[in-house]
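Pasting in a structure now, in structure tokens, and then I'll have a few things to ask.
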Amino acid sequence: MTKSLTVAILVGAGLTGHPRPATAADMALRASPTAVGSCSELVFTCENGRQYPLCPIAVSVAGEVVTASLRTGHAGGVHVRLVPMGVGYRYAGPGVWVDGFRGNALLNFGKHSQVACTIENY
């Protein structure tokens, strides 16, 4: 009896320690259907002083960005697509990928260059 009470207290304390559990909405960036073709709704503001807009190409019925163009300074940007993850999201394209959870992300340019970012208006 004491052992099960201790377990219940520890589990309860662990659950209250997190402000909000991860949900399906945390598995991908969300955008409105009108955001397709626009680059203003999702913008990564990074510690290197640059901003990288994510321009949705396809948005699911649930509002998840499935494919997009990440404007990195190259003409037309880099085509990225959502890669299923257990927690958080990953958008990957040739030589670049973004790993994130909610409004925080790490933008990776190859294996040896990474910058921390936040998403404006997330």
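The values are calculated or read from the model by the stated rules, or taken from the named source; none is laboratory data. A quick note: this is a predicted structure, and the numbers were derived from the prediction, not measured. Methodologically, a virtual Cβ is constructed for each residue, glycine included, from the backbone with ideal geometry; neighbour enumeration extends over all protein chains shown. For accessibility, only protein heavy atoms count, side chains too; no ligands or nucleic acids. Shrake-Rupley method; radii C 1.70, N 1.55, O 1.52, S 1.80 Å.
Using the structure shown, decide if residue 84 is at pLDDT below 95 and either out of contact with any Lys or Arg (no Cβ under 8 Å at 6 or more places or on another chain) or open to solvent by 60 Å² or more (accessible area, probe 1.4 Å) (or both).
Yes; evaluated as a whole, the condition is true for this residue.
Which members of region 95-122 meet the condition of being aromatic (Phe, Trp, Tyr) and surrounded by 17 or more Cβ atoms within 10 Å (Cβ to Cβ)?
Passing the criteria: only 97.
Would you be able to say whether some residue in region 96-119 is polar (S, T, N, Q) and touching a residue at least 24 places away in the same chain (Cβ under 8 Å)?
Keep residues of region 96-119 that are polar (S, T, N, Q), which gives 104, 108, 113-114, 118.
Those left that are additionally touching a residue at least 24 places away in the same chain (Cβ under 8 Å): 118.
Among the residues of region 96-119, at least one is polar (S, T, N, Q) and touching a residue at least 24 places away in the same chain (Cβ under 8 Å), which makes the answer yes.
Name the pairs: first residue in region 26-52 and at pLDDT 90 or above, second residue open to solvent by 20 Å² or more (accessible area, probe 1.4 Å) and not in a strand (DSSP E or B), Cβ to Cβ under 7 Å, at least 6 apart or on different chains?
Short answer, once both residue conditions are applied: 43/120; 45/120; 52/71.
Here's the yes/no breakdown for (1) under 17 Å from residue 115 (Cα atoms); (2) in contact with a His (Cβ under 9 Å, 6 or more places away or on another chain); (3) open to solvent by less than 70 Å² (accessible area, probe 1.4 Å); (4) without any contact (Cβ under 8 Å) to a residue 60 or more places away in the chain:
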residue	(1), (2), (3), (4)
57	no, yes, no, yes
62	no, no, yes, yes
70	yes, yes, yes, yes
73	yes, no, yes, yes
93	yes, yes, yes, yes
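Looking only at residues in region 26-73 that are among the hydroxyl-bearing types (Ser, Thr, Tyr) and farther than 16 Å from residue 98 by Cα, which one is farthest from the chain's Cα centre (by Cα)?
Applying the filter and picking the extreme gives 34.
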